[in-house]
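Just below is one structure, and these are the notes that go with it.
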Amino acid sequence: MKYCKRCVQPDTRPHVKFDDDGVCFACKWQEKVDSEIDWDKRKKQIQEIADWAKKNAKGTHDCVIGVSGGKDSTFQAMYAKEELGLNCLLVNLAPDGITKWGTQNIENLIQKGFDTLIMRPNPIIWKKLIKHAFYKYGNPVKPTEYPLWASSYIAALKFGIPLVIQGENAGLTLGVVEGVGDGDNALDVNLLDTMAGGNASEWKVEGIKLNEILWYQFPDKNEIKKSNIRAIWLNYYAKEWAYKHNIEFAKKHGLMGRQNHDPNLTGRLSPYCSIDAESAQIVNQLLKYLKFGFGFVTDEVCYYIRSGDMTREEGIEQVKKYDGKCGEKYLKDFCDYIGITIDEFWKVADKYVNKKLFEKDPKTGKWIPKFTAGIDFEEKNVVTA
Ligand SMILES: [Zn+2]
């Protein structure tokens with residue numbers, strides 16, 4: 001495992017790219033953000049796209065924005081409405097088991113003056129799929145990403161809305177440039193690693209029929225193109241887009257954070273992320289940590305290091321303290337939700353642990369890292385079973 005020389009991004013992130021000097025592509029993007037891109041020009045370009053959308057709207061709305069009411073979607077929606085003057089249709093894919101903060105935040109955003117389409121997939125199927133994905137991929141939130149992304153495109157097609165505005169191109173901000181690319185085109189969002197094409201047939205399991213999971217199906221790209229629908233990433237055009245900026249912006253507009261937030265229990269520094277469906281998200285980051293050697297705190301500090309809000313050393317300290325942490329309460333909530341015991345959870349999770357990066361403490365039975373955050377790690381004397 002090698003770390004980026006500037007931030008603390010490890011090369012174990014699937015599809016991440018590094019240059020010959022050992023700098024990750026997310027840091028290379030930050031260089032462009034800070035000094036290369038002509039942001040006035042980009043602002044003009046996105047205004048032209050917005051004006052085109054107003055002219056080409058077949059129904060009443062100019063654009064669709066998928067929202068949870070969290071930090072990013074609050075910025076997206078307000079930017080589209082106030083900066084670009086667009087008449088937006090918000091699409092909210094409501095997760096099963098939404099938290100009370102999640103409910104408050106989506107309501108807070110809608111109250112700013114938006115038409116909103118709330119889509120609520122069948123909760124029995126949702127739960128079955130989360131359980132299935134945990135066993136099959138060690139990634140319980142994988143199926144929830146399908147309708148989350150697909151819903152905006154489905155709404156655009158159904159209502160004749162020419163523009164979809166997505167938030168952050170992970171090709172730019174995480175450096176995973178394969179698949180989604182590094183441009184403004186958000187039509188290829190189904191090529192994200194976790195979406196694997198966006199075919200609902202993947203979830204035709206355990207007696208679930210295809211016509212019960214149509215919201216999990218990413219619409220046909222040809223149909224989208226024929227309908228003259230355009231989809232863009234906002235962070236390609238808006239210089240302000242940044243993890244810290246979006247939190248501060250959304251707070252000013254009424255975003256509520258998790259109460260009694262403790263990074264030791266949530267494995268994240270900020271109380272303002274993953275607040276709508278927390279236990280599955282928090283458990284998923286624990287699993288990500290055990291699979292790849294990094295969790296959500298690594299992602300957060302990388303954002304802060306790149307935006308100049310943290311030094312690399314400060315970031316590494318935070319990663320050492322909190323990365324991969326998941327309180328028993330969240331683990332138990334998750335296990336109760338899918339109807340398994342904590343012992344069964346670990347039986348399954350153990351299979352997904354990267355044994356090159358972790359070893360089991362014989363006394364506690366807990367997985368402990370063999371690596372030290374921020375220091376390139378190569379395993380000696382690998383024993384393969
Ligand atoms: Zn980097």
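The values are calculated or read from the model by the stated rules, or taken from the named source; none is laboratory data. Predicted model, so just to flag it, every value in this text is computed and none were measured. All Cβ positions, even for glycine, are placed from backbone atoms using ideal geometry, and neighbour counts span all protein chains on display. Surface accessibility is based on the protein's heavy atoms, side chains included, excluding ligands, DNA and RNA. Shrake-Rupley method; radii C 1.70, N 1.55, O 1.52, S 1.80 Å.
A few points about this structure:
- Proximity of backbone amide H atoms, modeled 1.01 Å from N, is registered between Phe358 and Lys370 at under 5 Å, excluding neighbours fewer than 5 places apart on the same chain.
- Label-point separation in nm, Glu178 to Glu344, each point 7 Å along Cα→Cβ: 3.5
- Normalised size of the stretch 245-385, defined as Cα radius of gyration per 2.2 N^0.38 Å with N residues, equals 1.14.
- The angle separating the long axis of helix 39-56 from the principal Cα axis of greatest extent in the chain is about 60 degrees.
- Rg to Rh, two decimals, where the stretch 270-332 supplies the alpha carbon set and Rh follows Kirkwood: 0.99
- Per residue, the solvent-accessible area of the stretch 1-120 (1.4 Å probe, heavy atoms of protein chains only, all protein chains present) comes to 46 Å².
- Gyration tensor (Cα) of the stretch 26-99, equivalent ellipsoid semi-axes in angstrom: 25, 21, 9
- Under-5 Å amide H pairs with Ala231, H placed in peptide plane, nonlocal only: Val164, Ala186, Leu187
- Most mobile of Glu36, Glu107, Glu202 in a GNM of the chain (Cα contacts under 10 Å): Glu36
- A 1.4 Å probe, protein heavy atoms only, puts the accessible area of Thr298 near 10 Å².
- Across the accessible surface of the chain, with the other protein chains kept in place and a 1.4 Å probe, carbon and sulfur atoms take up 50 percent.
- Cysteines in the chain lacking a second Cys C-beta under 4.7 Å: Cys27, Cys63, Cys88, Cys273, Cys326, Cys335
- Candidates Ser151, Ser227, Ser270, ranked by Gaussian network fluctuation over the chain, Cα under 10 Å, top entry: Ser227
- Under 5 Å between amide hydrogens, built in the peptide plane, is the criterion, and for Val91 it picks out Ile65, Gly66, Val67, Leu117 among residues at least 5 positions away or on other chains.
- Peptides 242-248, 74-80, ordered by how many other C-beta atoms sit within 10 Å of their residues on average, highest first, read 74-80, 242-248.
- Centre-to-centre separation between the Cα atoms of the stretch 77-94 and those of the stretch 256-271: 28 Å.
- Globularity index of the chain, i.e. its alpha-carbon radius of gyration over 2.2 N^0.38 Å: 0.98
- Acute angle (nearest 10 degrees) that the helix 278-292 long axis makes with the longest principal axis of the chain, alpha-carbon atoms: 60
- When the Gaussian network model of the chain links Cα atoms closer than 10 Å, the mean-square fluctuations of Asn354, Asn169, Asn284 top out at Asn354.
- When the convex hull of its Cα atoms is projected in every direction, mean area for the stretch 148-194 (nm²): 3.2
- Cα-based Rg of the stretch 185-279 normalised by 2.2 N^0.38 Å, two decimals: 1.47
- Ile110 exposes around 40 Å² of accessible area when a 1.4 Å probe is run over every protein chain in place.
- Viscosity 1.567 mPa s, temperature 4 °C, Stokes-Einstein D of the stretch 318-385 from Kirkwood C-alpha radius, µm²/s: 92
- Its alpha carbons considered, the stretch 84-202 gives a radius of gyration followed by a Dmax of 15.4, 45 Å.
- Per residue accessible area in Å² of the stretch 132-263, where ligands, DNA and RNA are left out and the probe is 1.4 Å: 41
- Accessible surface of Lys204 - all protein chains present, 1.4 Å probe, nearest 10 Å²: 120
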